[in-house]
Amino acid sequence: MKLTQRIEEDLTLIRLGGQLLGGPDAEQLRSALLAAVEQSSPHILIDMSEVSWVNSTGLGILISSHLAARQKGGALKLIGVSKRIESILSVTRLNTVFEIFPSEEEGRRSFSAASAGKP
Amino acid sequence: MERRDRDEGEVITFSFPSRLELLPVLDRLVQGITEQMEFDEDAAGEVAISVIEAGTNAIQHGHKHNQEKQVDFRFDMRPDYLLVTVVDSGPGFEPDMIPRNDPSNPEDLMRSSGRGIYIMRRMMDQVDFDIDPARGTRVLLKKLRRTNGRSPSA
């Protein structure tokens, strides 16, 4: 699994590549996501366009990270979701948990809109 | 392309060490088999996701990531269906792994585990477990062939 992240003022953009499976890779991702939530912004945008597939262990990592982000008032949102990953999110109904956007721009805009809506 | 006569069916067997990093190799093999059987794109994806889930369970729960142990796969390519058998020789199956509740229920939706078997059951036509604490676990995944307006045996 490949992981790069860009920490910006309002959000952290994480680009993933390869397979999201479990094992040592999973721990790397879990640590990176939790560190991003704790140390920078709880608004996490994950670019999945280079991820070939995700298994149930990978889904578990995304969920626990989303919960951590939510506790800090943020969220974990997805962009670049392939048809295959979309089908696994749909079967597990996790497409109702994660907001999924067709483009990075729309994902970014959703965080801006959420921030603007706050008092 | 003219299909070969497969009245008797064909069998492919495959084994690999219990390393999650090798699952992409399995993915390629499954893609090849579903192409041979002319599954449509959706069905092929469902088979691949399910076989990878079964392989993940065998590596993680059956063999506890012990690379000395091999996970065995058998693909029975029948005219009407594909039957995939995934065998591990671990200390036995944990019945708790089978979720009693639907993990897509709102109250269970945010749980971080317990989805693997549910995913297999939703994506395949039949999923059975042959559990023997002395021998390990055999998972049987069946997917029917649905050809576009043709009888599977035509």
Please state which one of B:77, B:37 is more than 18 Å from residue B:120 (Cα to Cα), at pLDDT 95 or above and crowded, with 21+ Cβ neighbours inside 10 Å. B:37
The range A:63-85, residues that are of a type in the set (Val, Ile, Thr) and facing chain B (nearest Cβ under 9 Å): A:63
Scanning the range B:36-72 residue by residue, those in contact with a helix residue (DSSP H, G or I) (Cβ under 7 Å, 6 or more places away or on another chain), small (Gly, Ala, Ser) and under 28 Å from residue B:134 (Cα atoms) turn out to be B:50, B:54, B:55
Breaking point among (1) in contact with a Lys or Arg (Cβ under 7 Å, 6 or more places away or on another chain); (2) modelled with pLDDT of 90 or more; (3) surrounded by 15 or more Cβ atoms within 10 Å (Cβ to Cβ), for residue A:4: (3)
Among the candidates A:34, A:16, single out the residue that is modelled with pLDDT under 90 and more than 9 Å from chain B (Cβ to nearest Cβ). A:34
Identify all residues within the range B:131-144 that are more than 29 Å from residue B:40 (Cα to Cα) and touching a strand residue (DSSP E or B) at 6+ places or on another chain (Cβ under 9 Å); write none if there are none. B:131, B:132, B:135, B:136, B:137
Between a first residue in the range B:37-58 that is free of Cβ contacts under 8 Å to residues at least 12 places away in the same chain and facing chain A (nearest Cβ under 10 Å) and a second residue that is surrounded by fewer than 24 Cβ atoms within 10 Å (Cβ to Cβ) and of a type in the set (S, T, N, Q), which pairs have beta carbons less than 9 Å apart while being 6 or more apart in sequence or on different chains? B:42/A:87; B:45/A:87
Please work out if residue B:112 is surrounded by 14 or more Cβ atoms within 10 Å (Cβ to Cβ), at pLDDT 65 or above and more than 14 Å from chain A (Cβ to nearest Cβ). no
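The values are calculated or read from the model by the stated rules, or taken from the named source; none is laboratory data. From a predicted model like this one, the values you see are computed outputs, not experimental measurements. All Cβ positions, glycine included, derive from the backbone under ideal geometry; neighbour counts span all protein chains shown.
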